[in-house]
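K.L.:
I'd like to ask some things about the structure below.
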Amino acid sequence: MLLLLDSLCSESVRRKVMETGKITPQAEDFPSWYQDVVREGDLAEVAKIVKGCMVIKPHGYAIWEKIQADLDRRFKETGHKNAYFPLLIPMSFIHKEAEHVEGFAPEIAVVTHAGGKELPKDEQYCIRPTSETIIGHFFSKWIDSYRDLPMLINQWANVMRWEMHTRMFLRTTEFLWQEGHTAHSSHEEAKEEVTRMLNVYGDFAEEVMAMPVIRGIKSDSEKFAGALQTQCIEAMMRDGKALQAGTSHDLGQNFGKAFDVKFQSEKGREEYVWQTSWGVSTRLVGGLIMTHSDDSGLILPPRLAPVQAVIVPIARKPKEKELVIPVVDKLAADLKAAGVAVKVDDREGKRPGEKYYEWERKGVPLRIELGPRDVTSGEAMTKLRVADDKVKMKIDDLAADVPGILDTFQQTLLRRALDFRKENTVTVDSWSDFKDVFADGASKFVWCHWDGTKETEAKIKEETKVTIRCIPLPGQGPAPEDGKCIYSGNPSNQRVLMSKAY
RNA sequence: CGGGGUGUAGCGCAGUCUGGUAGCGCGCCAGCUUUGGGAGCUGGAUGUCGAAGGUUCGAAUCCUUUCGCCCCGACCA
């Protein structure tokens with residue numbers, strides 16, 4: 001009964017929200033809050049005409065472009081080159097690696113008709129869910145000797161996975177990502193690559209997205225289909241759940257053997273290459289939202305904000321405009337020269353208050369209000385996206401000060417996120433405490449002992465919906481110590497990170 | 001694939017039981033007044049009522065068929 005009332009209640013709130021263009025409070029209904037932030041931030045909308053797909057709108061895509069630009073630079077700095085492989089992959093390729101096909105078969109879309117006729121079974125294509133197979137095929141053509149190694153390739157692309165439940169940015173049928181694919185002459189070197197790229201992701205998440213992550217290793221049941229090992233970065237969302245924000249895989253020689261990717265070693269022996277693959281996707285945008293945003297909408301870290309500062313001129317009468325506009329234009333030019341992405345919102349017909357709300361919903365870090373009074377006093381009203389109060393600042397100082405203010409804001413967001421994670425991370429040693437943490441749909445990050453078996457992992461998931469997010473890499477969690485498995489009581493030598501997950 | 005719901009203007013919905021001129025709120029457009037935290041008034045535009053067939057003088061409304069979407073299961077990460 002309570003549940004029924006609850007759902008009716010939130011439905012009526014929801015209607016109100018749709019009518020007024022406002023945002024459901026996070027504490028009231030987290031999933032609705034998320035949807036509202038995406039909509040009101042003008043980031044994306046559900047395509048509807050194409051099941052499970054989304055349209056990324058200009059503001060959302062601009063954020064993705066900033067993510068792309070920074071990551072692309074990091075990939076190139078670590079020696080990788082971009083390339084592009086076909087969207088369609090022969091069905092037969094998918095079947096060549098046993099675990100791979102088992103993992104992906106259920107979510108593959110197949111092209112069965114083309115050129116006005118049905119394709120024979122052995123000529124059908126699937127739309128790539130990932131590109132290990134087709135890239136394996138080409139690697140086998142491109143690699144002859146150890147002199148061709150390492151082969152370091154990255155692809156920016158779209159992929160398709162037929163998902164049953166979709167959520168904007170977090171899980172959609174089609175999504176955008178990058179997939180790095182490398183081939184090496186030794187397992188040692190491949191493993192170094194896996195860790196190197198995981199750290200690229202981790203550094204990017206923390207430095208640019210202000211999203212702290214825990215770097216670790218996936219349990220066997222959570223690893224990539226066809227990999228020896230999957231490393232990951234896991235971030236805490238504001239509902240205490242974990243988001244897998246990036247993965248880096250040690251593929252061993254599995255795909256090398258399946259696609260006959262061989263090279264002649266220095267000693268003249270024919271050997272299979274050791275491969276890696278690694279990727280992050282538009283899911284990062286979802287992580288960005290659920291790390292920083294609040295009940296007023298999106299909050300963007302300056303380093304990813306398409307607009308870092310917005311100036312709202314307040315001028316109504318022609319005389320006021322004459323006074324205000326030149327000052328606004330000069331300030332905008334000075335800020336631009338100082339490297340700030342600035343936008344002047346001089347739209348007619350909208351009142352300042354409405355503009356304030358709009359830019360807050362869109363996550364702009366800094367707002368500058370400039371009207372006749374400010375021109376006279378030489379001071380403008382400024383407001384940071386997370387501040388409670390407006391602050392008066394000297395107009396002439398803004399161009400010099402704003403870059404530093406934005407930098408501090410970036411650090412503030414990271415600090416807030418770190419604090420939040422700390423407050424919601426616990427060490428647990430008993431099964432009843434464990435269940436308490438996750439009771440009533442709640443979630444936190446829990447460090448606890450696990451006996452390392454698939455059976456225990458499955459039981460825990462079955463009873464609590466909690467999964468092993470990762471086994472922490474050195475320095476990413478509590479130091480290794482002997483203990484007893486939270487569920488089975490069997491011996492364990494390290495705590496693992498457990499949480500509910502997206 | 002099972003159980004439940006739903007489809008009417010860009011969005012959110014009423015109207016369907018009991019057949020009779022297609023409605024409301026928000027948004028949009030125009031004009032005037034407004035403008036330092038979501039403006040007010042006046043006027044205006046917008047619909048194959050999901051689709052097909054049937055009953056009827058007449059169908060958003062009744063009947064049949066069909067398609068899409070949502071929620072809960074199942075499946076998946």
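K.L.:
Just one of A:367, A:347 is out of contact with any strand residue (DSSP E or B) (no Cβ under 6 Å at 6 or more places or on another chain) and either outside any helix (DSSP H, G or I) or not hydrophobic (A, V, I, L, M, F, W, C) (or both); which is it?
P.N.:
Result of the check over A:367, A:347: A:347.
K.L.:
Consider residue A:229 carefully, then state whether it is under 21 Å from residue A:454 (Cα atoms) and under 12 Å from the mean Cα position of the chain (by Cα).
P.N.:
no
K.L.:
Since residue A:316 meets every condition but one in (1) over 20 Å from the mean Cα position of the chain (by Cα); (2) outside any loop (DSSP other than H, G, I, E, B), which condition does it not meet?
P.N.:
Every listed condition holds for residue A:316 apart from (2).
To keep it simple, each residue is scored yes or no on (1) under 27 Å from residue A:85 (Cβ atoms); (2) buried (at least 20 other Cβ atoms within 10 Å of the Cβ).
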{"site": "A:166", "(1), (2)": "yes, no"}
{"site": "A:194", "(1), (2)": "yes, yes"}
{"site": "A:201", "(1), (2)": "yes, yes"}
{"site": "A:214", "(1), (2)": "no, yes"}
{"site": "A:222", "(1), (2)": "yes, no"}
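K.L.:
Follow-up. When you go through (1) of a type in the set (Lys, Arg); (2) closer than 22 Å to residue A:319 by Cβ; (3) more than 9 Å from RNA strand B (Cβ to nearest atom) one by one for residue A:373, which number turns out not to apply?
P.N.:
Only one criterion is unmet by residue A:373, namely (3).
K.L.:
Quickly run through the stretch A:397-414 and pick out the residues that are among the charged types (D, E, K, R) and either in contact with a Phe, Trp or Tyr (Cβ under 9 Å, 6 or more places away or on another chain) or loosely packed, with under 13 Cβ neighbours inside 10 Å (or both).
P.N.:
Hits for the stretch A:397-414 are A:397, A:407.
K.L.:
On to the next question. Using beta carbons and a limit of 7 Å, which pairs, at least six apart or on different chains, have the first residue in the stretch A:473-502 and without any contact (Cβ under 8 Å) to a residue 24 or more places away in the chain and the second one surrounded by 17 or more Cβ atoms within 10 Å (Cβ to Cβ)?
P.N.:
Hits for this filter: A:480/A:494.
K.L.:
Additional query: Outside the structural domain of residue A:288 (by TED's automatic domain parsing), more than 7 Å from RNA strand B (Cβ to nearest atom) and surrounded by fewer than 16 Cβ atoms within 10 Å (Cβ to Cβ): which single residue out of A:341, A:337, A:332 fits that description?
P.N.:
Just a single option satisfies the conditions, and that option is A:337.
K.L.:
Let me ask something additional. Being in a loop (DSSP other than H, G, I, E, B) and surrounded by fewer than 24 Cβ atoms within 10 Å (Cβ to Cβ), is that true of even one residue in the stretch A:298-305?
P.N.:
No, the conditions are met nowhere in the stretch A:298-305.
K.L.:
Here's something else I'd like to know. What number of residues within the stretch A:43-64 are of a type in the set (A, V, I, L, M, F, W, C), surrounded by fewer than 18 Cβ atoms within 10 Å (Cβ to Cβ) and within 15 Å of RNA strand B (Cβ to nearest atom)?
P.N.:
The number of residues fulfilling the criteria is 5.
K.L.:
Next question. Output yes when any residue across the stretch A:264-271 is assigned by TED's automatic domain parsing to the domain that holds residue A:182 and crowded, with 24+ Cβ neighbours inside 10 Å, and no when none is.
P.N.:
No, the stretch A:264-271 contains no residue that is assigned by TED's automatic domain parsing to the domain that holds residue A:182 and crowded, with 24+ Cβ neighbours inside 10 Å.
K.L.:
Pick out the one residue from A:89, A:94, A:108 that is closer than 25 Å to residue A:271 by Cα, aliphatic (A, V, I, L, M) and in contact with a Phe, Trp or Tyr (Cβ under 8 Å, 6 or more places away or on another chain).
P.N.:
Of A:89, A:94, A:108, the one residue that is closer than 25 Å to residue A:271 by Cα, aliphatic (A, V, I, L, M) and in contact with a Phe, Trp or Tyr (Cβ under 8 Å, 6 or more places away or on another chain) is A:94.
K.L.:
Any idea which residue in the stretch A:306-335 is modelled with the highest pLDDT, counting only those that are in contact with a helix residue (DSSP H, G or I) (Cβ under 8 Å, 6 or more places away or on another chain) and of a type in the set (Gly, Ala, Ser)?
P.N.:
Within the stretch A:306-335, the match that is modelled with the highest pLDDT is A:309.
K.L.:
Would you mind stating whether residue A:358 is near RNA strand B (Cβ under 9 Å from one of its atoms) and under 31 Å from the mean Cα position of the chain (by Cα)?
P.N.:
Yes, satisfied.
The values are calculated or read from the model by the stated rules, or taken from the named source; none is laboratory data. What you are looking at is a predicted structure, and each value in this text was computed from that prediction instead of being measured. Heads up, the Cβs are rebuilt from the backbone with ideal geometry, glycines too, and the neighbour counts pull from every protein chain shown.
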